[in-house]
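Asks: Here you go, one structure.
The values are calculated or read from the model by the stated rules, or taken from the named source; none is laboratory data. For clarity, every value in this text was computed on a predicted model and none was experimentally measured. Backbone-built Cβ (ideal geometry, glycine too); neighbour counts: all protein chains shown. Side chains are part of the model used for accessible areas, which takes the heavy atoms of the whole protein and leaves out ligands, DNA and RNA. Shrake-Rupley method; radii C 1.70, N 1.55, O 1.52, S 1.80 Å.
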Amino acid sequence: MGNTVVVGLQWGDEGKGKVTDLLAQRADVVVRYQGGNNAGHTVVVGGRTLKLHLVPSGILHPGVLCLMGDGMVVDPLVLCREIDELEANGVSTGQLRISGNAHLIMPYHIRMDEAQERARGASKIGTTQRGIGPAYCDKTARLPHSIRAWDLLDSQRLTERAAAQLELKNRCFTHLLDAEPMTLEEVVEPILAVAPRLTDRIVDGRTVLYERLDAGASVLFEGAQGTFLDLNHGTYPYVTSSHPIAAEACVSAGLGPGAIDRVIGVAKAYTTRVGAGVFVTEQDNEYGNTIRERGHEYGTTTGRPRRCGWLDCVVLRTAARINGAHAIALTLLDVLDAFDTVPVCVAYELDGRTLEYVPSNQDDLVRCRPVYEELPGWQQPIGGCRTWDDLPAAARAYVERLGQLAGTPVGLVGVGADREQTIILPALG
Ligand code: GDP
Ligand code: IMO
Ligand code: MG
């Protein structure tokens, strides 16, 4: 099936886990290309639910190599817990590998994340407090003692590096952030305790991929978060600290753009967002509440209620361009079964002008007003539909219209959380 990127087109939680699991049936390798355990990817198979945070969503397929890519930040303690949970659920993790170049989230990164959020006061981002921003910060700071997965192979080196990092962090905690300092023991001991469990999985990710590709493998690249949480293209500063967009798949894997055959953009049939930041189509009212309850819109990672609103096709159109999406995987269409009409945002209005794309200047974006088109609802359950023709005419019209508005055909429709509750369309390729 060639090499495919699965990328979120909105603000995360679009159903990337479900789509990756589904497409992994035809892949040889699945690479998670960025982010850390800020992600929560849900896979439901035969009524059994698995929540993945670090492990690629191809893990349910025996024989598929699952690689955590260079662009990720990895909390070794969380990873070991996740491996244990999977194994306890009868899922083998024998095919899981970690690229040595992935940076580690250390306990002081988590404390830093909490302390920085506190210091931001009313303008806090609403991070997942998993240490993501501080870990990427250390990576880009290029300190000689930044810690990568490779360092799990050498406990003395890991301890020395952690000690050097901790000295700087403790100065920050006590002098700038009004936070408690940490001891080297509390930072290093838990990591050293789990390191031996991970060493056999640490590989030169790039070379492993080259060998697989040379042998004819198809690679699926799984993004985390979503396009509008991207550090460059998202709603800065209310974003994550990595690049969820499709191009990052190449940056993380060590491949040129020509290596990608297909980009599948995953979008919900409406919009959600967790944490602070602009949200043009937000419905902080009974419509939003209905969407939240029907879609179980509570964070997979933090349990926070997600903010909910109507589908924003300006967001989809822009995200489709940013990612070069060939097709859209439209998830959670069944959540809209309840509405008699379904508004979709077709454009933004700003100072009397009509905008087709999300403006990148955040001062403009916060002043944009949505222009809605009301589409008829279908008001019947669609969870049992398995083909395009099974869908009610109004649901088909909704899907077709949003494909037109996004300038990208819909290749997959999700009508329920289970792997089986999926309709595949010709545009998926
Ligand atoms: P991800 O972070 O993009 O992988 O998405 P999450 O797993 O955080 O959130 C998506 C949620 O929607 C999960 O609870 C999924 O099980 C669920 N889901 C995915 N696709 C569908 C769908 O088509 N219909 C319904 N009802 N639920 C879905
Ligand atoms: P998946 O992969 C939704 C949001 C946080 C916060 C911002 C920054 O499941 O789609 P961070 O902890 O990354 O510094 O938080 O990004 N965020 C997500 N929102 N889904 C995610 O991942 C997210 N990962 C981070 O809520 O607003
Ligand atoms: Mg999620």
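Asks: Restricting to segment 66-87, and then to whatever is assigned to a helix (DSSP H, G or I) and among the β-branched types (Val, Ile, Thr), can you tell me which residue is nearest to ligand 3 (Cβ to nearest atom)?
Replies: Kept after step one, since they are assigned to a helix (DSSP H, G or I), are these residues of segment 66-87: 76-87.
Pick out the ones that are also among the β-branched types (Val, Ile, Thr) and you get 78, 83.
Values: 78: 15, 83: 19 Å.
Looking at residues that are assigned to a helix (DSSP H, G or I) and among the β-branched types (Val, Ile, Thr), I get 78.
Asks: Then there's this: Conditions first: (1) more than 16 Å from ligand 2 (Cβ to nearest atom); (2) assigned to a loop (DSSP other than H, G, I, E, B). Residue 278 passes all but one, so which condition is the exception?
Replies: It is condition (1) that residue 278 fails.
Asks: Separate question: Residue under question is residue 87, and the condition is that it be among the acidic types (Asp, Glu), farther than 24 Å from residue 229 by Cβ and modelled with pLDDT of 95 or more; does it hold? Don't jump to the end; show me each part of the working.
Replies: Numbers: among the acidic types (Asp, Glu): yes; farther than 24 Å from residue 229 by Cβ: yes; modelled with pLDDT of 95 or more: yes.
Yes; evaluated as a whole, the condition is true for this residue.
Asks: Can I ask one more? Would a scan of segment 211-221 turn up a residue that is within 16 Å of ligand 2 (Cβ to nearest atom), touching a residue at least 40 places away in the same chain (Cβ under 8 Å) and surrounded by 22 or more Cβ atoms within 10 Å (Cβ to Cβ)?
Replies: yes
Asks: Let me ask something else. I'd like to know if segment 298-309 contains one or more residues that are within 16 Å of ligand 3 (Cβ to nearest atom), touching a Pro at 6+ places or on another chain (Cβ under 9 Å) and farther than 19 Å from residue 245 by Cβ. If you could, list the steps in order and put the result at the bottom.
Replies: So in segment 298-309, the residues within 16 Å of ligand 3 (Cβ to nearest atom) come out as 298-308.
So of that shortlist, the ones also touching a Pro at 6+ places or on another chain (Cβ under 9 Å) come out as 298-299.
In the following step, the residues that additionally are farther than 19 Å from residue 245 by Cβ were identified as 298-299.
Looking through segment 298-309, at least one residue is within 16 Å of ligand 3 (Cβ to nearest atom), touching a Pro at 6+ places or on another chain (Cβ under 9 Å) and farther than 19 Å from residue 245 by Cβ.
Asks: Pairs please, first residue from segment 42-65 and part of a strand (DSSP E or B) and of a type in the set (Lys, Arg), second anywhere and within 16 Å of ligand 3 (Cβ to nearest atom) and open to solvent by less than 20 Å² (accessible area, probe 1.4 Å), Cβ atoms under 6 Å, 6+ apart in sequence or on different chains.
Replies: 51/40
Asks: Across segment 24-43, which residue is nearest to ligand 3 (Cβ to nearest atom) among those that are surrounded by fewer than 23 Cβ atoms within 10 Å (Cβ to Cβ) and farther than 23 Å from residue 1 by Cα?
Replies: Residue satisfying both the conditions and the ranking: 40.
Asks: Out of 269, 249, which single residue is touching a strand residue (DSSP E or B) at 6+ places or on another chain (Cβ under 7 Å) and either more than 25 Å from residue 369 (Cβ to Cβ) or surrounded by fewer than 20 Cβ atoms within 10 Å (Cβ to Cβ) (or both)?
Replies: Answer to the check: 249.
Asks: Same structure again: Given the conditions (1) open to solvent by less than 10 Å² (accessible area, probe 1.4 Å); (2) touching a residue at least 60 places away in the same chain (Cβ under 8 Å), report the number of the one that residue 308 does not fulfil.
Replies: The single condition residue 308 does not satisfy is (2).
Asks: Tally up the residues in segment 393-411 that are under 21 Å from residue 338 (Cα atoms) and open to solvent by less than 20 Å² (accessible area, probe 1.4 Å), please.
Replies: So the count comes out to 4.
Asks: Would it be correct to say that residue 29 is within 16 Å of ligand 1 (Cβ to nearest atom), touching a helix residue (DSSP H, G or I) at 6+ places or on another chain (Cβ under 7 Å) and hydrophobic (A, V, I, L, M, F, W, C)?
Replies: It is false that residue 29 is within 16 Å of ligand 1 (Cβ to nearest atom), touching a helix residue (DSSP H, G or I) at 6+ places or on another chain (Cβ under 7 Å) and hydrophobic (A, V, I, L, M, F, W, C).
Asks: Scan the helices (runs of 4 or more DSSP H) fully inside segment 146-232 and keep the ones with 2 or more residues being in contact with a strand residue (DSSP E or B) (Cβ under 9 Å, 6 or more places away or on another chain).
Replies: Per the criteria, 184-198, 205-214.
Asks: Here's a follow-up. Does any residue in segment 347-359 that is of a type in the set (Phe, Trp, Tyr) come within less than 6 Å, Cβ to Cβ, of a residue that is surrounded by 14 or more Cβ atoms within 10 Å (Cβ to Cβ) six or more places away or on a different chain, and which pairs are these?
Replies: Once the first residue is of a type in the set (Phe, Trp, Tyr) and sits in segment 347-359, its partners that are surrounded by 14 or more Cβ atoms within 10 Å (Cβ to Cβ) give 348/314; 348/355; 348/368; 357/318.
Asks: While we're here: Determine, yes or no, whether residue 292 is within 16 Å of ligand 1 (Cβ to nearest atom), in contact with a strand residue (DSSP E or B) (Cβ under 9 Å, 6 or more places away or on another chain), open to solvent by 10 Å² or more (accessible area, probe 1.4 Å) and closer than 22 Å to residue 419 by Cα. Quick ask: steps written out before the conclusion?
Replies: On the way: within 16 Å of ligand 1 (Cβ to nearest atom): yes; in contact with a strand residue (DSSP E or B) (Cβ under 9 Å, 6 or more places away or on another chain): yes; open to solvent by 10 Å² or more (accessible area, probe 1.4 Å): yes; closer than 22 Å to residue 419 by Cα: yes.
Here the answer is yes, as residue 292 does meet what is asked.
Asks: Name, by its number, the condition in (1) open to solvent by 40 Å² or more (accessible area, probe 1.4 Å); (2) touching a residue at least 40 places away in the same chain (Cβ under 8 Å) that does not hold for residue 91.
Replies: All conditions are met except number (1).
Yes/no per residue for (1) hydrophobic (A, V, I, L, M, F, W, C); (2) closer than 25 Å to residue 78 by Cα:
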| position | (1), (2) |
| --- | --- |
| 164 | yes, yes |
| 171 | no, no |
| 180 | no, yes |
| 188 | yes, yes |
| 192 | yes, yes |
| 211 | no, no |
| 214 | no, no |
| 247 | yes, no |
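Asks: I'd like the residue in segment 116-141 that is within 15 Å of residue 70 (Cα to Cα) and without any contact (Cβ under 8 Å) to a residue 60 or more places away in the chain and, out of all such residues, is most open to solvent (accessible area, probe 1.4 Å).
Replies: Applying the filter and picking the extreme gives 140.
Asks: Please find, among 76, 107, 62, the residue that is in contact with a Gly (Cβ under 9 Å, 6 or more places away or on another chain) and surrounded by 16 or more Cβ atoms within 10 Å (Cβ to Cβ).
Replies: 107
Asks: While we're on this one: Checking the conditions here, which among 49, 20 is at negative phi, within 16 Å of ligand 3 (Cβ to nearest atom) and open to solvent by 10 Å² or more (accessible area, probe 1.4 Å)?
Replies: 49
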